[in-house]
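The structure appears right after this line, and notes come after that.
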């Protein structure tokens, strides 16, 4: 079968995202053929496109998050049937495509009430928010937490879910528009980091104590300040680098600033086991169904225009979740 997809032949800017015809094989043992209805757009795909993270090979089809319908199953697949609605956010690259083959172990079934667009917009961000709030650090009632990029895709889910867990959420944003959005999604205290010093403001809001955990997806621009927002023995969660990679530093700083903890987690590790992946997906879909969190698709781009989507994402012109539509 031939189909259309975005392929990358060399690392570089958005212009290396090429709309091309590709050959799609029949699913092999343990594999499923999925026709995509919606594809998630995530910042990590920019890192791979640029070569900041090395792709497994060149050329490659980007993307690890999408939702659609099963069109064929390979030998040995018993969990899924033709016509099933499914979604995924881990596994091999290949989501920037109309149709693709993927191992069944990475798929999760979509329950009634969760459409493919919501699933593709929320899977990676929602499962990330789940492990950050429940596993990397277990947020408890009464905690005050700091969320950078609070109006971003993961940020909005973190704010809502943490609020439901009983936390006071402090968020940083880059504009008045994003401040209003974060407020609508449960952020209690909003800091415009271009106008305010977020470290002094966090200290002020916590009576000088600092917070037990910082969720930082910005990276270089906020990392050192984030350490200064933590209380003694607090946890610095660095899970992204939108402003660039964090520069090497003397780990003695962690002791000097109060015996701090530092982690650099990934969803691949926190959803490595099949049951853990399914459990986190069930928790996300339940939270969406009950209105604990909502995931609004705020930007949609045709898949063939993936380059423009990357430009919008890199320039921080997007808020919330964005989709590529085949």
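The values are calculated or read from the model by the stated rules, or taken from the named source; none is laboratory data. These numbers come from a predicted model, not from an experiment. Cβ atoms come from the backbone with ideal geometry, glycine included; neighbour counts cover every protein chain shown.
Quick notes on this one:
- Which numbered condition residue 321 misses (of (1) modelled with pLDDT under 95; (2) assigned to a helix (DSSP H, G or I)): (2)
- Condition check for residue 28 on (1) in contact (Cβ under 8 Å) with a residue 24 or more places away in the chain; (2) within 28 Å of residue 313 (Cβ to Cβ); (3) not in a strand (DSSP E or B): one failure, at (2).
- Of 121, 149, all but one fail to be touching a residue at least 40 places away in the same chain (Cβ under 8 Å) and on the phi > 0 side of the Ramachandran plot; the exception is 149.
- Meets criteria (more than 15 Å from residue 88 (Cβ to Cβ), in contact with a helix residue (DSSP H, G or I) (Cβ under 8 Å, 6 or more places away or on another chain) and in the same structural domain as residue 118 (by TED's automatic domain parsing)) for residue 16: yes
- Top-ranked residue in region 165-179 [being touching a residue at least 60 places away in the same chain (Cβ under 8 Å) and assigned to a helix (DSSP H, G or I); ranked as farthest from the chain's Cα centre (by Cα)]: 177
- Filtering region 55-74 to residues that are farther than 24 Å from residue 115 by Cα and either touching a residue at least 60 places away in the same chain (Cβ under 8 Å) or assigned to a strand (DSSP E or B) (or both) leaves only 60.
- Picking from residues in region 252-292 that are closer than 23 Å to residue 111 by Cβ and within 15 Å of the chain's Cα centre (by Cα), the one that is surrounded by the fewest Cβ atoms within 10 Å (Cβ to Cβ) is 270.
- Out of 32, 8, 73, one residue alone is modelled with pLDDT of 95 or more, in the same structural domain as residue 115 (by TED's automatic domain parsing), closer than 19 Å to residue 274 by Cβ and touching a helix residue (DSSP H, G or I) at 6+ places or on another chain (Cβ under 7 Å). It is 32.
- All of 129, 151 fail the test of being modelled with pLDDT of 95 or more and buried (at least 20 other Cβ atoms within 10 Å of the Cβ), apart from 129.
Matching residues to (1) out of contact with any helix residue (DSSP H, G or I) (no Cβ under 8 Å at 6 or more places or on another chain); (2) in a helix (DSSP H, G or I); (3) over 24 Å from residue 245 (Cβ atoms):
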residue: 37; (1), (2), (3): no, no, yes
residue: 42; (1), (2), (3): no, no, no
residue: 53; (1), (2), (3): no, no, no
residue: 79; (1), (2), (3): no, no, yes
residue: 82; (1), (2), (3): yes, no, yes
residue: 91; (1), (2), (3): no, no, yes
residue: 120; (1), (2), (3): yes, yes, yes
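- So residue 12, is it in a loop (DSSP other than H, G, I, E, B) and surrounded by 17 or more Cβ atoms within 10 Å (Cβ to Cβ): no
- Test result for residue 47, out of contact with any strand residue (DSSP E or B) (no Cβ under 9 Å at 6 or more places or on another chain), within 18 Å of residue 11 (Cα to Cα) and touching a residue at least 60 places away in the same chain (Cβ under 8 Å): yes
- Subset of region 300-317 (residues that are without any contact (Cβ under 8 Å) to a residue 60 or more places away in the chain and either assigned to a strand (DSSP E or B) or in contact with a strand residue (DSSP E or B) (Cβ under 9 Å, 6 or more places away or on another chain) (or both)): 300, 302, 305, 312, 317
- Residues satisfying the stated conditions in region 199-224, i.e. under 20 Å from residue 254 (Cβ atoms), out of contact with any strand residue (DSSP E or B) (no Cβ under 9 Å at 6 or more places or on another chain) and either outside the structural domain of residue 155 (by TED's automatic domain parsing) or assigned to a helix (DSSP H, G or I) (or both): 199, 203, 224
- Selected residue (only one of 150, 162, 182, 129 is touching a helix residue (DSSP H, G or I) at 6+ places or on another chain (Cβ under 7 Å), assigned to a loop (DSSP other than H, G, I, E, B) and farther than 30 Å from residue 74 by Cβ): 150
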